[in-house]
Amino acid sequence: MRGTRRRTISNRMVAALEVERDTVFWDRELKGFGVRAYPGGGRVYVAQARGPKGPRRVTVGRHGVLNAEEAKRRAALIIARVKAGEDPAPEPLAAKLAQGPTVADLAARYLEEHVAVRCKPKTARTTRSVVNRHIVSRLGGLALAAVEPRDVLDLHHALSDRPAMANMTVATLSHMYRLAESWGMVADGVNPCGSVTRYPSNRRERFLTDAEFEKLGRVLDEAATSGGASAGAVTAIRLLMLTGCRKNEILSLRWRDVDLDAGELALADAKTGPRAVPLPPSAARLLAALPRKPGNPWVIPGHKPGRHMTDIDDAWQTLRERAGLKDVRLHDLRHSYASRALALGESLPMIGKLLGHSQVETTARYAHLARESVHEAAARIADSIAADVL
């Protein structure tokens with residue numbers, strides 16, 4: 001991009017740069033030597049000159065890998081070679097810039113020392129797929145210090161038909177680089193992901209109405225008596241509706257986690273860490289009536305002895321079609337729990353606590369429903385007063 005001014009490029013000057021968009025600052029001493037600053041903090045030295053074949057701009061290296069003086073010396077060589085019509089990066093220099101651990105090296109360490117140790121099985125499977133299928137396959141052979149923001153932008157664009165996957169891939173790569181800094185694999189400030197603008201996230205929201213809850217309740221009653229879904233699947237879906245829990249939190253629930261006297265579920269391995277879930281009387285009665293399989297510790301037992309049920313998606317497909325709710329996902333039952341809580345006047349902080357959110361921003365997605373509830377309450381109050389005074 002076009003630079004806005006000329007300055008004497010030094011380590012102090014480069015470290016102090018703050019920009020709102022990609023900007024190139026040119027050196028006032030060496031014409032054609034500059035530094036490109038990215039909003040995310042990345043700094044890349046560049047060299048530009050006009051030769052017999054036209055203008056050329058070449059990346060010299062990253063700030064942190066190179067200091068300003070070394071970058072200026074290399075830029076002077078590159079500028080002279082471009083003007084002479086020669087290859088701007090002779091083989092020894094290109095080899096030197098490519099030295100160091102590769103993206104594939106970092107990926108292997110990331111999967112072994114971080115993902116395998118700190119991530120839950122489902123998250124680990126997803127992350128391994130993202131790293132191997134998208135990051136290593138495209139960037140694996142590049143040295144960490146040689147990956148340009150342009151490379152990450154191209155990777156992001158290549159997945160533009162799957163925007164959520166594109167955003168996840170860049171976020172994963174950025175996290176890998178942050179860990180690479182702490183592991184000493186790259187210098188601080190080398191992360192090339194800061195200039196990528198993520199695709200908009202179109203979160204789908206679907207909330208069951210009172211009438212739809214009634215339809216689903218009737219279908220669950222029919223399935224419990226006449227078939228169409230296993231008793232375990234029906235119980236799991238009812239518990240999802242009554243507690244607002246996540247699917248895996250219910251399917252992996254053990255009897256030792258259920259305290260009917262205290263009215264509480266003790267989830268030791270929830271998504272956001274251990275948490276206690278209030279057990280409403282309706283859910284407690286449902287659990288109290290469940291038969292227990294000898295030798296099986298799970299509330300929702302699976303088909304294999306000693307195992308819990310792992311999949312209720314097929315059962316849900318059948319039940320939601322019977323209820324005329326073809327666009328409703330299982331996770332929408334959790335959203336509907338939050339929606340009903342707001343309609344009954346519960347606050348966003350309370351709903352966040354009930355749902356086990358670790359961040360306020362997660363619960364804030366329901367803020368528009370809270371506003372709707374306030375407007376509805378205001379209308380009811382005004383209508384009541386209007387009946388007396390108008």
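Laboratory data are not the source of any read-out in this text; all were calculated from the coordinates shown. Everything numeric here is computed off the predicted structure, so don't read it as measured data. All Cβ positions, even for glycine, are placed from backbone atoms using ideal geometry, and neighbour counts span all protein chains on display.
Connecting C-alpha atoms closer than 10 Å in a GNM of the chain, tell me which of P149, P291, P301 has the biggest fluctuation.
Comparing P149, P291, P301 in a Gaussian network model of the chain, the most mobile one is P291.
Express in % the proportion of alpha carbon pairs of region 6-97 at distances exceeding 17 Å.
45
For region 103-182, what class follows from the C-alpha gyration tensor (a ≥ b ≥ c being the square roots of its eigenvalues): rounded when a/c is under 1.5, otherwise prolate if a/b is larger than b/c, else oblate?
Numbers: a/c = 1.93, a/b = 1.17, b/c = 1.65.
Because a/c hits 1.5 or more and a/b fails to exceed b/c, region 103-182 counts as oblate.
Stokes-Einstein D for region 1-160 at 20 °C, 1.002 mPa s, Kirkwood Rh over Cα pairs, in µm²/s? Show your work: numbers first, answer last.
On the way: Rh = 17.5 Å.
This corresponds to a translational diffusion coefficient of 123 µm²/s.
Taking the Cα atoms only, what angle lies between the long axis of helix 121-130 and the longest principal axis of the chain, rounded to 10 degrees?
On a 0 to 90 degree scale, this one is about 30.
Counting other beta carbons within 10 Å of each Cβ, put I381, I78, I351 in order, fewest first. Let's see the in-between values first.
Working: I381 10, I78 27, I351 21.
Listing I381, I78, I351 from fewest to most nearby Cβ atoms yields I381, I351, I78.
When all C-alpha to C-alpha distances in the chain are sorted into bins of 20 Å, what percent of pairs does each bin hold, rounded to whole numbers?
Binned Cα distances yield the sequence 21, 39, 26, 13, 1.
Give the residues of region 289-316 whose amide nitrogen is closer than 19 Å to a point set 7 Å from the Cα of T126 in the direction of its Cβ.
310-314
For K53 paired with R162, estimate the spin-label separation in nm (one decimal), with each label point 7 Å from Cα along the Cα-to-Cβ line.
About 3.7 nm separates the two model spin labels.
In nanometres, what is the gap between the two model label sites at A211 and R118, each 7 Å from Cα along Cα-to-Cβ?
Label-label distance for A211 and R118, simple model: 4.9 nm.
Multiplying the sequence separation of E264 and K31 by 0.36 nm and subtracting their Cα-Cα distance, what value in nm do you get?
Here the answer is 76.8 nm.
To the nearest 0.05, how large is the calculated FRET efficiency for W255 and S384 if R₀ is 45 Å and r is the Cβ-Cβ distance?
The value I calculate is 0.40.
Give, rounded to the nearest 20 debye, the magnitude of the charge dipole that region 103-182 has about its Cα centre when Lys and Arg contribute +1 at Cβ and Asp and Glu contribute -1 at Cβ.
On the way: 11 positive and 8 negative charges, 92 e Å.
Approximately 440 debye in magnitude.
Label points 7 Å out from Cα along the Cβ direction at R150 and H331: separation in nm?
So the two model labels end up 3.6 nm from each other.
Quick one: Karplus J couplings for region 159-174, per residue in order, coefficients 6.51, -1.76, 1.60, θ = phi - 60°, nearest Hz, x for Gly and Pro?
Per residue, the Karplus-derived 3J(HN,Hα) values read 9, 5, 6, 10, x, 5, 5, 4, 5, 5, 5, 5, 5, 5, 4, 4 Hz.
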